[in-house]
Amino acid sequence: MTTYWLTNDAFRVEISPFGATLHRFEVRCDEGWRNIVLSRPNPAAPVDGFLGATVGRYANRIADARFELDGVTYQLARNEPPNMLHGGGGGAHGQAWDVESSSGTALALRLVSPDGDQGFPGRLEMTAAFALLDNGLQVAYGAHTDAPTVVNMTTHPYFIMSGDGVGTVDEHVLCVPAGRYTPTDDAGIPTGEILPVDGTGLDFRTPRPIGPARAQVVAAHLERTGGFDHNLVVDGEGMRDHVRLRGPDGLTLVVRSDAPAVQLYDGAHLDGTLTSAQGRPYVQRGALAIEPQNYPDAPNHANFPSSVLRPGERYRTITQWLVEQG
């Protein structure tokens, strides 16, 4: 499958229409070009962990792979039994998207999910518009439906500012302006509570290294998969900073989005099997997945932001990945 490069003087970005995947994100640095995301061995094939893929129809988990909408219960595909994760095994991440338009700095992709796909109601047309900015990259997701349904789309890139396959993110300094989080059970399903992060290892309102924060989370028995796999509720509304991630040499990623929350996952499943293009292994904790999105399992919690999309409405969400040199 053909991949598409978006380039300017500061960035080189490779996107695969398979899964609408952010495959490479190269930043011009003093030593040359540095790829700050984990890349797949084959950009036209899926891998465990959804590396760089667009996930949907519903990002994150839905409990028992079912939800009720307008009095009707919908049974979804169980790809993390008994739950659904990231839209099911046949979700957006594993489909070849159509190329609507392309240029040297922008790429527009489209995917039609038929009624009943993975159990979801309605024919859903999804779009992903990637565009280079002077200081980074943006993706704008859109969707519309012919029947009431639920939608929650995001991109699933894993970032490491020192370069793909170079160490771990333990010494990276993380800042997230989020005063609350949604606790989960052992399967990652929200309890329905929205709790303050005060006094926990999930409080990144003041920048702190990831490694010591993980140790605090583990000591308090708040960990998921031995570390971070948590949904943080980002303060404020509209387009705003979600995450600042600073690498050891000062290269910094700023993630901005209009999503209500952001999921952080520190790569517990990475075991060195996957490698960079230079053959460097992707080790455990070797990157941080940053996923702006709605809350997990929102269709089953009336106190969470609604994920319902109805005919005549337009779903839209934007994420920007901006880079600051150290």
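The values are calculated or read from the model by the stated rules, or taken from the named source; none is laboratory data. As the structure is a prediction and not an experimental result, all values here were calculated from the model. Every residue, glycine as well, gets a Cβ built from its backbone with ideal geometry; the counts of neighbours run over all protein chains shown.
Values computed for the structure shown
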{"item": "Members of region 174-187 found to be at pLDDT 95 or above, touching a Lys or Arg at 6+ places or on another chain (Cβ under 9 Å) and in a loop (DSSP other than H, G, I, E, B), listed by number", "result": "VAL176, PRO177, ALA178, GLY179"}
{"item": "Test: residue in region 257-269 that is of a type in the set (Ser, Thr, Tyr), closer than 22 Å to ALA131 by Cα and either modelled with pLDDT of 95 or more or surrounded by 23 or more Cβ atoms within 10 Å (Cβ to Cβ) (or both)", "result": "yes"}
{"item": "Options LEU222, LEU202; residue that is crowded, with 20+ Cβ neighbours inside 10 Å, of a type outside the set (Val, Ile, Thr) and over 17 Å from the mean Cα position of the chain (by Cα)", "result": "LEU202"}
{"item": "Within region 227-252, considering residues that are within 22 Å of HIS86 (Cβ to Cβ) and touching a Lys or Arg at 6+ places or on another chain (Cβ under 8 Å), the one surrounded by the fewest Cβ atoms within 10 Å (Cβ to Cβ)", "result": "VAL233"}
{"item": "Residue ranges of strands (runs of 3 or more DSSP E) in region 212-290 with at least 3 members within 26 Å of ASP186 (Cα to Cα) and not hydrophobic (A, V, I, L, M, F, W, C)", "result": "229-233"}
{"item": "Count of region 188-206 residues which are touching a residue at least 24 places away in the same chain (Cβ under 8 Å), assigned to a loop (DSSP other than H, G, I, E, B) and either touching an Asp or Glu at 6+ places or on another chain (Cβ under 8 Å) or farther than 18 Å from VAL262 by Cα (or both)", "result": "3"}
{"item": "The listed residue being under 20 Å from GLY267 (Cβ atoms), surrounded by fewer than 16 Cβ atoms within 10 Å (Cβ to Cβ) and not aliphatic (A, V, I, L, M), out of PRO46, PRO41", "result": "PRO41"}
{"item": "Matching option when the condition is out of contact with any strand residue (DSSP E or B) (no Cβ under 9 Å at 6 or more places or on another chain), within 30 Å of THR273 (Cβ to Cβ) and small (Gly, Ala, Ser), among GLY167, GLY163, GLY188", "result": "GLY167"}
{"item": "Meets criteria (surrounded by fewer than 16 Cβ atoms within 10 Å (Cβ to Cβ) and without any contact (Cβ under 8 Å) to a residue 40 or more places away in the chain) for GLY326", "result": "no"}
{"item": "Unmet requirement for VAL27, which otherwise passes all of (1) more than 23 Å from ALA129 (Cα to Cα); (2) outside any loop (DSSP other than H, G, I, E, B)", "result": "(1)"}
{"item": "Conditions (1) over 23 Å from GLY238 (Cβ atoms); (2) of a type in the set (A, V, I, L, M); (3) at pLDDT 95 or above; (4) under 20 Å from the mean Cα position of the chain (by Cα): number failed by ALA131", "result": "(1)"}
{"item": "Tally of residues being hydroxyl-bearing (Ser, Thr, Tyr) and surrounded by fewer than 21 Cβ atoms within 10 Å (Cβ to Cβ) across region 270-297", "result": "3"}
{"item": "Test: residue in region 104-119 that is among the hydroxyl-bearing types (Ser, Thr, Tyr), over 21 Å from the mean Cα position of the chain (by Cα) and more than 13 Å from SER16 (Cα to Cα)", "result": "yes"}
{"item": "Test for ASP117: is it modelled with pLDDT of 95 or more and either touching a Ser or Thr at 6+ places or on another chain (Cβ under 7 Å) or surrounded by fewer than 19 Cβ atoms within 10 Å (Cβ to Cβ) (or both)", "result": "no"}
{"item": "Which listed residue, of THR127, THR168, is more than 15 Å from LEU253 (Cα to Cα), hydroxyl-bearing (Ser, Thr, Tyr) and either assigned to a strand (DSSP E or B) or touching a Ser or Thr at 6+ places or on another chain (Cβ under 7 Å) (or both)", "result": "THR127"}
{"item": "Residue under evaluation ASP146, criteria (1) in contact with a Lys or Arg (Cβ under 6 Å, 6 or more places away or on another chain); (2) modelled with pLDDT under 95, criterion not met", "result": "(2)"}
{"item": "Members of region 44-95 found to be closer than 26 Å to THR273 by Cα, part of a strand (DSSP E or B), among the aliphatic types (A, V, I, L, M) and touching a helix residue (DSSP H, G or I) at 6+ places or on another chain (Cβ under 7 Å), listed by number", "result": "VAL55, MET84"}
